[in-house]
Amino acid sequence: MRTEPPLLSVRNLRTYFLADEGTTKAVDGVSFDVSAGRTLGIVGESGCGKSVTALSILRIVDDPGRIVDGEILLSRNGGSPVDLVKQRKNGRFMRSVRGGEIGLVFQEPMTSFSPVHTIGNQLVEAIRLHDSLTKKQARNKATDLLTMVGIPRPASTMDQYSWELSGGLRQRAMIAHALAPDPRLLIADEPTTALDVTTQAQILDLMMSLQEERSMAVMLITHDLGVIAETADEVVVMYLGREVEKGSVEDIFYDPQHPYTRALLRSIPALDAAPKVKLPAITGSVPHPFDRPTGCGFHPRCPEAMEGLCDIEEPATWTPADGRGVACHLFGDHQALVSLKGRRS
């Protein structure tokens, strides 16, 4: 049976910040696919390279950051995939992709919206940039978008500024802005950050219902594994700019392999947990990419690290099944254990 190719394929993406004081490897070899109508969750602690991955896809990484290796293949209707890395980041093609075919919900809408232009002004501009409509037609479409995302009194909201709206309404307006040109892929970077749990649930329900209506692909970036469990189909776990584990949401939650993934899952509070018991925490913190440890990046915090191996050699990615991947010396063909035994003999 012929399967439809993924809408977006990222292969061995490496985005470095080349500063005078040294090179920061923010994204250092990440690969994944995003398919139409499916949700890919990218999870990890702050500083793991999740947001830089999203910015790299849209080619909006600030200087001195640049993509030094890898492919970002975007499938085109009726044509062969286009490698976005090879396109001029400020060229006409990338401007048509950015916002047109790929929409982005920024992490903080307060700083993403212009404070001196109304919500309506910014929505109309986004619509007319990708669609040949009059100002009146674009304004009507913008009002419809605000209605679609559940904003009450959309006509009056069009004339308001972002700082006049609550956090939940600003996030809904940001989603409307991202959906204005009807993108095939929506990248949501921490869309529920700093929102109360009720508003978080409403925003996630909104995104999932819009995805179903439009058969849209969604790439959801978050550090909240509870959100991933509710919304994602596939999951990529990132640590220190690298992909340490990936698989279906069932694989990640019911059969986690990497010590980092297991540690993240242990830190989630459970309804049946004993009262007044401290949650297990991962010791230490994510190192700065400029000061990356040798070998496996997680080994200074890993309770299962093997001295003489994990602190020296970077683990290869073990692929036990189609769609699964684990980058850890504990797994694979046991060559790591054989190597360790040889070192100690």
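Things worth noting here:
- In region 3-16, the residues that are under 20 Å from S80 (Cα atoms) and open to solvent by 60 Å² or more (accessible area, probe 1.4 Å) form Cβ pairs under 9 Å with partners that are at pLDDT below 95 and in a loop (DSSP other than H, G, I, E, B), at six or more places apart or across chains, as follows: E4/S35; E4/A36; P5/S35.
- Here P183 clears all of (1) out of contact with any Phe, Trp or Tyr (no Cβ under 8 Å at 6 or more places or on another chain); (2) at pLDDT 85 or above; (3) open to solvent by 10 Å² or more (accessible area, probe 1.4 Å) except the condition numbered (3).
- Against the test of being open to solvent by less than 60 Å² (accessible area, probe 1.4 Å), part of a helix (DSSP H, G or I), small (G, A, S) and closer than 21 Å to L206 by Cα, the options A155, A142 yield a single qualifying residue, A142.
- Residue list for region 90-121, filter: assigned to a loop (DSSP other than H, G, I, E, B), open to solvent by 60 Å² or more (accessible area, probe 1.4 Å) and in contact (Cβ under 8 Å) with a residue 60 or more places away in the chain: F106, Q107, E108
- Residue selected from region 275-318 under the condition on the phi < 0 side of the Ramachandran plot and basic (K, R), by the criterion surrounded by the most Cβ atoms within 10 Å (Cβ to Cβ): R301
- Residues that are without any contact (Cβ under 8 Å) to a residue 40 or more places away in the chain and of a type in the set (K, R) within region 189-244 comprise just one, R214.
- When residues of region 109-142 are limited to those that are at pLDDT below 85 and not aliphatic (A, V, I, L, M), the one farthest from A180 (Cα to Cα): T111
The values are calculated or read from the model by the stated rules, or taken from the named source; none is laboratory data. A quick note: this is a predicted structure, and the numbers were derived from the prediction, not measured. Positions of Cβ are backbone-derived with ideal geometry, glycine not excepted, and every protein chain shown enters the neighbour counts. We work out accessible area using only protein heavy atoms, side chains counted, and drop any ligands, DNA or RNA first. Shrake-Rupley method; radii C 1.70, N 1.55, O 1.52, S 1.80 Å.
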